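The values are calculated or read from the model by the stated rules, or taken from the named source; none is laboratory data. Predicted model only: the values in this text are computed from it and were never measured. Cβ atoms come from the backbone with ideal geometry, glycine included; neighbour counts cover every protein chain shown. All accessible areas refer to the heavy atoms of the entire protein, side chains included, with ligands and DNA or RNA removed. Shrake-Rupley method; radii C 1.70, N 1.55, O 1.52, S 1.80 Å.
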Amino acid sequence: MMSWSELEKACLDCTKCALYETRTNVVFGVGNKNAEVLLVGEGPGEQEDLKGEPFVGRAGQLLDDMLKIINLDRKRNIYIANIVKCRPPKNRDPLNTEQDACIDYLRGQFRLLKPKIVVCLGRIAAMRLIGENFKITQEHGKWFEKDGVQFMALYHPAALLRDPRRRPETFVDLKELERVIRETAPGTYLIP
Ligand code: URA
């Protein structure tokens with residue numbers, strides 16, 4: 001098994017799909033490499049590509065606000081990654097072929113982290129990690145168990161920016177997430 005630094009090096013040098021040709025930076029991930037909670041988005045946008053860090057644009061600011069409501073912090077007690085590590089041009093959805101080319105990096109992150117809880121941010125991540133027929137409008141906030149790991153999806157923060165009417169439901173989902181973290185991964189809240 002690769003170490004974190006070997007995996008990150010391989011990812012930063014990756015040319016497995018055409019997205020490498022247009023990227024500024026690979027966006028590997030951010031957070032605590034001992035976290036028990038993993039958040040997964042779909043792929044970097046413009047700001048993320050420029051900075052090399054996930055969720056640093058407007059949607060990222062909202063994500064930080066959402067996390068704060070339940071005492072989570074990107075640098076302290078969770079880890080954040082994406083399905084694809086390089087920006088799709090014009091922020092289009094990542095193609096299945098691009099996801100297939102990239103997914104082993106997320107698998108590697110998953111093996112190293114061994115999270116107890118995985119939170120999919122938006123439908124692309126949920127369709128990839130929970131099930132191909134996942135319906136975000138019906139199934140956000142619900143739990144799905146796979147091999148002893150608890151998965152749930154939240155609306156993507158960019159979707160909440162576009163449609164603020166979904167925010168009250170997301171508040172309920174966040175409180176449910178906090179409840180299950182306290183039950184299943186209580187160490188999350190003990191990290192200073
Ligand atoms: N949206 C995502 O899904 N991931 C990011 O890193 C930024 C925006």
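Can you name the helices (runs of 4 or more DSSP H) wholly within the stretch 50-166 that have at least 2 residues being within 14 Å of the ligand (Cβ to nearest atom)?
58-69, 96-113, 123-129, 157-162
Got a number for residues in the stretch 1-13 being touching a Lys or Arg at 6+ places or on another chain (Cβ under 7 Å) and open to solvent by less than 60 Å² (accessible area, probe 1.4 Å)?
Within the stretch 1-13, the first condition is being touching a Lys or Arg at 6+ places or on another chain (Cβ under 7 Å), and the residues that meet it are 1, 4, 11.
Applying the additional criterion that residues be open to solvent by less than 60 Å² (accessible area, probe 1.4 Å) yields 4, 11.
Number satisfying all stated conditions: 2.
Answer yes if at least one residue in the stretch 24-44 is of a type in the set (S, T, N, Q), open to solvent by 50 Å² or more (accessible area, probe 1.4 Å) and within 11 Å of the ligand (Cβ to nearest atom), and no otherwise.
Start the filter on the stretch 24-44 by keeping residues that are of a type in the set (S, T, N, Q), which leaves 24-25, 32, 34.
From what is left, the residues that are open to solvent by 50 Å² or more (accessible area, probe 1.4 Å) are 24-25, 34.
Adding the requirement that they be within 11 Å of the ligand (Cβ to nearest atom) leaves none.
Within the stretch 24-44 (the criterion being of a type in the set (S, T, N, Q), open to solvent by 50 Å² or more (accessible area, probe 1.4 Å) and within 11 Å of the ligand (Cβ to nearest atom)), the answer is no, since none of the residues qualifies.
Within 28 Å of T184 (Cα to Cα), polar (S, T, N, Q) and modelled with pLDDT of 95 or more: which single residue out of N96, N133 fits that description? First the steps, then the outcome.
Numbers: N96 fails: within 28 Å of T184 (Cα to Cα).
None of the other options fit; the residue is N133.
For the stretch 116-138, what are the residues that are in contact (Cβ under 8 Å) with a residue 40 or more places away in the chain, surrounded by 21 or more Cβ atoms within 10 Å (Cβ to Cβ) and not small (G, A, S)? First the steps, then the outcome.
In the first step, residues of the stretch 116-138 are kept if they are in contact (Cβ under 8 Å) with a residue 40 or more places away in the chain; the result is 116-122, 124-125, 128-129.
Okay, now just the ones that are also surrounded by 21 or more Cβ atoms within 10 Å (Cβ to Cβ), so 117-122, 124-125, 128-129.
Correct list: I117, V118, V119, C120, L121, I124, R128, L129.
Given the conditions (1) touching a residue at least 60 places away in the same chain (Cβ under 8 Å); (2) of a type in the set (G, A, S); (3) touching a strand residue (DSSP E or B) at 6+ places or on another chain (Cβ under 9 Å), which single one is not true for A81?
(1)
What pairs come out if I take residues in the stretch 51-63 that are at negative phi and pair them with residues that are more than 8 Å from the ligand (Cβ to nearest atom) and open to solvent by less than 20 Å² (accessible area, probe 1.4 Å) whose C-beta lies under 6 Å away, six or more apart or interchain?
Filtered contacts from the stretch 51-63: E53/V30; P54/V30.
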